[in-house]
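What follows is calculated from the coordinates using simple rules that are stated; it is not laboratory data. Everything numeric here is computed off the predicted structure, so don't read it as measured data. Cβ coordinates were reconstructed from backbone atoms using ideal geometry, including for glycine residues, and neighbour counts include every protein chain displayed.
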Amino acid sequence: MANRGTSKHLKRFVLPAYIKIRRKEKKYILKPLPGPHPKDDSLALGVLLRDYMKLANNMREVKYILNNRKLMVDGRVIREPKFPVGYQDIIDIKDVGRFIIDIDERGYFVAKEYRENTQILKVTNKTKVAGGKIQYTFHNGRTLISDDNSIKIGDSVMFDITSKKIVRIIGQGKGKECIVLRGKHRGFRGKIKDVLDIGKKVADVISPRGEVVRTDYKYLFVTG
């Protein structure tokens, strides 16, 4: 039989551990489309509305919300149920409120009520473009062209989604607050205690309770 391409859905029992939904309730779940977040670290918008936030009972109601332009992600109207949402995305829902996608201490995605206009973005790449300017690429796929060449890959920035400007630069290094975004310690929060090079760059992170974990440095997301 001819190959019909990749599957349009995910089987629930093989979902990534960070997706907190019942595995045996139904066989399939919406698969995120390629987009601003990698598919192995994101949720389909329809799953967020129906299974996480309980704002819809079924996909028909999800499509009603989206087709009536009632929802924005980071200030942009989204109408696709499979649009991928991830860490630090700001979700505005008309007549409901504003939420931000966070990660709890067990590594699960959560949607928290939010009143600010800013989000924290991690710099994943920087490139020199025409005119001597610098193009920064962030973890959520957003890009920004700037005259400032001082921001490093791995730094974070406080970004205003209305003005589309950087409000504050959050450098990386020892003593900085962070969250672990990948690996077995996903969701662990604390301060960077040490940075070591033992064949690869790793970091020891200490929590407010004094717990220390070691993780790949690239898994860290500096928050303050």
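Computed quantities for the displayed model
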read-out	value
Globularity ratio of the chain, using Cα Rg and 2.2 N^0.38 Å	1.09
Theoretical gain in end-to-end length, residue 31 to residue 169 [0.36 nm per residue, Cα-Cα removed]	46.3 nm
Point-to-point label distance, residue 201-residue 127, nm (Cα→Cβ direction, 7 Å offset)	2.1
Per-residue [θ]222 nm for the chain (sum of -39500 (n - 2.57) over DSSP H runs n ≥ 4, rounded to 500)	-1000 deg cm²/dmol
Efficiency of FRET from Cβ geometry, residue 40 and residue 184, R₀ 25 Å, rounded to 0.05	0.95
Contact order relative to length of the chain, as percent, for alpha carbon pairs under 8 angstrom and 6 or more apart	12
Pairwise centroid distance, computed over Cα atoms, of segment 188-204 with segment 113-141, Å	24
Order of 137, 143, 124 - criterion: other Cβ atoms within 10 Å of each residue's Cβ, fewest first	143, 124, 137
Listed residue pairs exceeding 31 Å between alpha carbons, taken from 63/164; 31/200; 126/191; 70/176; 122/200	31/200; 70/176
Sorted by Cβ density within 10 Å, fewest first, the residues 163, 156	163, 156
Gain in span if fully extended, residue 223 to residue 72, counting 0.36 nm per residue against the direct Cα distance	52.0 nm
